[in-house]
1. Quick check on this structure: which one of Gly203, Gly228 is part of a loop (DSSP other than H, G, I, E, B), at positive phi and out of contact with any Ser or Thr (no Cβ under 6 Å at 6 or more places or on another chain)?
2. When Thr234 is evaluated against the numbered criteria (1) under 23 Å from the mean Cα position of the chain (by Cα); (2) among the polar types (S, T, N, Q); (3) under 17 Å from His262 (Cβ atoms), which criterion, by number, is the only one it fails?
3. So which residues in the range 99-125 are in contact (Cβ under 8 Å) with a residue 24 or more places away in the chain, touching a Gly at 6+ places or on another chain (Cβ under 7 Å) and closer than 18 Å to Arg183 by Cα?
4. Being in contact with an Asp or Glu (Cβ under 9 Å, 6 or more places away or on another chain), of a type outside the set (Ser, Thr, Tyr), open to solvent by less than 20 Å² (accessible area, probe 1.4 Å) and under 19 Å from Val322 (Cα atoms): is that true of Leu206 here?
5. With touching a Phe, Trp or Tyr at 6+ places or on another chain (Cβ under 6 Å) and open to solvent by 40 Å² or more (accessible area, probe 1.4 Å) as the only criterion, which of Val309, Val221, Val231 stands out?
6. Here is a list: Leu489, Leu480, Leu504. Which entry is over 24 Å from Ala65 (Cα atoms), in a helix (DSSP H, G or I) and of a type outside the set (Gly, Ala, Ser)?
7. Return the only residue of Thr93, Thr81 being among the β-branched types (Val, Ile, Thr), within 13 Å of Asn161 (Cα to Cα) and either crowded, with 24+ Cβ neighbours inside 10 Å or touching a strand residue (DSSP E or B) at 6+ places or on another chain (Cβ under 7 Å) (or both).
8. Taking the condition open to solvent by less than 10 Å² (accessible area, probe 1.4 Å) and either aromatic (Phe, Trp, Tyr) or within 18 Å of the chain's Cα centre (by Cα) (or both), does Leu301 pass?
Amino acid sequence: MPTPLTSPMHRRTFLTGSLASGALATAVPSAGATPRRPAPELRTWAEQTWRCLDALTVPATGLAADDIGADLSTASRGHQTSPTNIGCGLWSTVAARELGLLDRGEAKRRLARTLESIAGLERHEQSGMYYNWYDPADGRKLTEFPTSGEVVKSFLSSVDNGWLAAALLVVERAEPSLRRQARDLRCRMDFGFSWDAAENAPGGQLRGGFWDVDPDEDAAVVGNYRGGDPVWYTGHHYGAFNTEPRIASYLGIAAGQIPPEHYWGPVRTFPDDSCDYSWTETEPQGSWRTYGGVRMFEGALPYRGKLVVPTWGGSMFEALMVPLLVPEDEWGARSWRRNHPLYVQCHIEHGMQEAGYGYWGSSPSNDPAGGYREYGVDQLGLDGPGYTSDEERTTVDQAFEGCRPGSPAPTSYGDGVVTPHASFLALRYAPDQAVQNLRNLAADFDCTTDGGFLDAIAVRSGRVSDRFLALDQGMVMASLGNALGGDVLRRHVGAEFSRTLRPLMQQEVFATRG
């Protein structure tokens, strides 16, 4: 791998630095745009990514494992799976079928096998929710992690169940012969079970999830919003709306399990009229608005002369995983249609100009140095510490006027970690820049195999992750399925959500500025 002094990143920065500002001027096409003539690499990348997802899947159960090694060998496949991993496998199978990578008969057999396995998984009876970890080989609920022996507490995550339910909805719409089976599984899942109506009422907010056995966690809150046996809810709520848990909110609203007013419950930013919120990234800008009788603060955070509705940590998948399945940018002309491409543009500016990596796009992924880490752009996150884009965790401490001072901005960044799936998430909003970024990564680093792009690249040291994650490959496959298959996944989910969610999104006006 290249040394820091001779890494391709330095060559790329030298070649593109003077062009970066001009390139950014074309980084935001019209809403919903994808390349009119898709780049030829997209088809190759789809074939490779499907090969990886196929290798991740245990044939006997149809359940996708959490991760697999770069060589795609059965021996390197992980021994745990989650509701999100299983969901990624389902929608990727549908995408592969639509792209002709899998014939219809084989796709149907695979989907049926997975649905049968899901039906046999142990779950929480009252809520219909699934536990966080299972063995993909036999569907058994894990009580300890296979490699470490660490105890697995019986947690049921709102967002992980959201991705599984969304995938079941895709199957329900895409495969008529399996419609009833997929619908029965999905409709048993009650997202209102974790909805706390009192938190930021009247909209309320979702808890992160719950344990059905005492977890011995100090922050746990004992109760049951539906009545019945007590559970132990997480001490936190999903309070920021522009994050991936909003998929669970959408499912709950669409199913009538949560009232439509919940759309206004999670914050875009906290208000700017109190130092109580000065622990957040910086002072927001915005104004108060009323929608459907609910008064809320429409705020955005400043970034390099722009105003952006932040995510929690500043990562790409928080902002852009949901619109892989939900056409937010089509329905929210004055909200999501503005923010999604703006968020991508900010990531491009960070990687190419602010941090000077020569590449862009940061999101939680495998750490090239080992383990798993959250990556993002600190200033694009509502949380004060935020996610950082380099291994050294270089943060930006901005001021909150009248409440706390800031610190000088960093003069340099360290070993930046770029995650290829972030570019695929950006494909709809900055198609030319996303494809070029991926071409550059593929040319400059040993980061692709027969299974597609490996999970992450540290661009200064040249270290590359040695594994694929089902979540990240599932996002890649969803993006390519939409780009090459006429928005196949969004069409299926959008048809179910349109009646309840479109009217809400049409009302909102974000406080963004490009």
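The values are calculated or read from the model by the stated rules, or taken from the named source; none is laboratory data. If you're wondering where the values come from, they're calculated on a predicted model, not measured in any experiment. With ideal geometry, Cβ positions are generated from the backbone for all residues, glycine too; neighbour counts draw on all protein chains shown. When the accessible area is computed, the model is the full protein with side chains, heavy atoms only, and any ligands, DNA or RNA have been set aside. Shrake-Rupley method; radii C 1.70, N 1.55, O 1.52, S 1.80 Å.
1. Working: Gly203 fails: at positive phi.
Result of the check over Gly203, Gly228: Gly228.
2. Here Thr234 clears every test but (3).
3. Arg110, Arg113, Thr114, Ser117
4. Answer is yes for this residue.
5. Val221 is the lone residue from the list that is touching a Phe, Trp or Tyr at 6+ places or on another chain (Cβ under 6 Å) and open to solvent by 40 Å² or more (accessible area, probe 1.4 Å).
6. Of the residues listed, the single one that is over 24 Å from Ala65 (Cα atoms), in a helix (DSSP H, G or I) and of a type outside the set (Gly, Ala, Ser) is Leu504.
7. Numbers: Thr93 fails: within 13 Å of Asn161 (Cα to Cα).
Selected residue: Thr81, the only one of Thr93, Thr81 that is among the β-branched types (Val, Ile, Thr), within 13 Å of Asn161 (Cα to Cα) and either crowded, with 24+ Cβ neighbours inside 10 Å or touching a strand residue (DSSP E or B) at 6+ places or on another chain (Cβ under 7 Å) (or both).
8. no
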